[in-house]
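No value in this document is a laboratory result; all are computed from the given coordinates. Predicted model, so just to flag it, every value in this text is computed and none were measured. FYI the Cβ positions are ideal-geometry reconstructions off the backbone, even for glycines, and counts take in every protein chain you see.
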Amino acid sequence: MTHTLPIPVLGFAAWSGTGKTTLLSRVLPILRKSGLRCALLKHAHHNFDIDHPGKDSYELRKAGADQVLIASRRRWALMVESACEQDPSLAEMLERLDPGLADIVLVEGFKHERLSKIELHRPTLGKPLLYPDDPDIIAIASDEPLKTPLPHLDLNDPAAIAAFIIDFRHRHSTR
């Protein structure tokens, strides 16, 4: 994939229920401890809210604000209402990130987009591999051995997956 960010972008692709979020929540602390600043872009397949009825931000957005920026000394979040009938592209969402605040972008989902990806696979789920139909898959993380020419990562070893990500970042960094 071609993008304008000066930092590497690496995706995690899998069928729903494979454990993408669980894995990333185990890998991110390891990456942070190694000194990497990670940005994460997650695709949601349905309507979602990050605030809830009764919260000021929710009430103001529902009242008609097209953009709501919530800010505190510890974090801020921007919610933008969209009239689009289709999901945003990965490129559109990457443009929203500040590359000065990260060393790598990890992408959960967007499995049909063109970007380097680690495929997560659990044979017990009965779903087919995305590889080799997806030429952008550069490694497979599975909980069982697989016969592919790609690097195989143990899905239950977040330290090994973090090491692969760190190596990927070093090989693809432009700064």
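Quick rundown of the values:
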read-out	value
Enclosed volume per residue, in Å³, of the convex hull spanned by Cα atoms of the chain	145 Å³
Ranked by how many other beta carbons lie within 10 Å on average, peptides 6-12, 60-66, 162-168 from highest	6-12, 162-168, 60-66
Top of His121, His112, His52 by mean-square fluctuation, Gaussian network on the chain, Cα under 10 Å	His52
Estimated [θ] at 222 nm from DSSP helical runs (n ≥ 4, -39500 (n - 2.57)) normalised by residues in the chain, nearest 500	-7000 deg cm²/dmol
Nearest 10 degrees, 0 to 90: helix 158-172 Cα axis against the chain principal axis	80 degrees
Inter-part distance where region 132-175 and region 49-90 are each reduced to a Cα centre, Å	34 Å
Local electrostatic count, Thr21, Cβ distance below 15 Å [Lys/Arg +1, Asp/Glu -1]	+4
Normalised contact order of the chain, rounded percent, pairs of Cα under 8 Å and 6 or more residues apart	35 percent
Region 84-101 - phi-based ³J(HN,Hα) in whole Hz, Karplus 6.51/-1.76/1.60, Gly and Pro as x	5, 8, 10, 5, x, 7, 4, 4, 4, 6, 4, 4, 7, 7, 9, x, x, 9
Long-range amide H partners of Leu153 with built H, under 5 Å	Ile140, Ala141, Ser142
Angle in degrees between helix 20-33 and the longest Cα principal axis of the chain, rounded to the nearest 10	90 degrees
